[in-house]
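Engineer: Below you'll find the structure I mean.
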Amino acid sequence: MPHIIGETIYLREYRMDDLEAINRWRNIEEITWWTAVYVWPESLEQTRRFLEDQVNNVDPANRKFAICLREDDRYVGHIGYECLDLRRRNTELGIVLGDSAVLSQGIGAEAINLFLKVCFDELDLHRVGLRVLRSNPRGMACYKKCGFREEGAMREWHYSRGQWHDLVIMGILQDEYQALHVR
């Protein structure tokens, strides 16, 4: 994926010099616990292995791309696909904003819309899904703003901070995306 340029951000492939920025957010509990995916805290070596896999494209069906601010080229998070299935024309989106200074500024929605453009217009996917904890209202609002619809939930799927959290399944279809982005 070459640089995909938006109004305030751009998406690019990972580079090894992203290591410290990635490791920094992967060790902030307030960021990682929302994902229900990352082990916290994470060693620099664990982060290095993740980054090397991304740089070397070890698993083409599971790729992440850096989200960077256009104003200063600062790495602020990542977005990517998981379980890309070109035969069935679907994938699952994953996104993390690892810089709390950029939250609630539309960065996530802009990154998602740039990424959906690639998924639907270039890869010709039919469906993009995602999973989000119901206890992440900021994330759910962002996904709905981008056109995702709630499709179901796995009740009490994730245990964290002394309580169980539902995992919500959301998705957007190619025609729904196109209806939102009439050319």
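Engineer: With +1 on each Lys and Arg Cβ and -1 on each Asp and Glu Cβ, and nothing else charged, work out how big the dipole of segment 48-100 is about its Cα centre, in Debye to the nearest 20.
Structural biologist: Charge dipole of segment 48-100: 240 debye, to the nearest 20.
Engineer: At 1.4 Å probe size, put 55, 132 in order of accessible surface, largest to smallest.
Structural biologist: The most accessible residue leads, giving 55, 132.
Engineer: Counting only protein heavy atoms and using a 1.4 Å probe, what share of the accessible area of the chain belongs to carbon plus sulfur, as a whole percent?
Structural biologist: 49 percent
Engineer: At 1.4 Å probe size, with no ligands or nucleic acids counted, give the accessible surface of residue 135 in Å², nearest ten.
Structural biologist: About 40 Å², ignoring ligands and nucleic acids.
Engineer: Give me the accessible area of residue 166, 1.4 Å probe, in Å² rounded to the nearest 10.
Structural biologist: My reading of the accessible area for residue 166 is about 40 Å².
Engineer: Here's a follow-up. Which whole-Hz ³J(HN,Hα) couplings does segment 150-164 yield from phi under the Karplus relation 6.51 cos²θ - 1.76 cosθ + 1.60, θ = phi - 60°, glycine and proline marked x?
Structural biologist: In residue order, the calculated couplings are 6, 10, x, 8, 9, 5, 6, 7, 10, 9, 7, 6, x, 8, 8 Hz.
Engineer: With a 1.4 Å probe and every protein chain left in place, work out the accessible area per residue of segment 52-183 in Å², rounded to a whole number.
Structural biologist: 52 Å²
The values are calculated or read from the model by the stated rules, or taken from the named source; none is laboratory data. Because the structure is predicted, anything quoted here is derived from the model rather than measured. Here the Cβ is made from the backbone with ideal geometry for all residues, glycine too, and neighbour counts use every protein chain on show. SASA here: full protein model, heavy atoms, side chains in, ligands and nucleic acids out. Shrake-Rupley method; radii C 1.70, N 1.55, O 1.52, S 1.80 Å.
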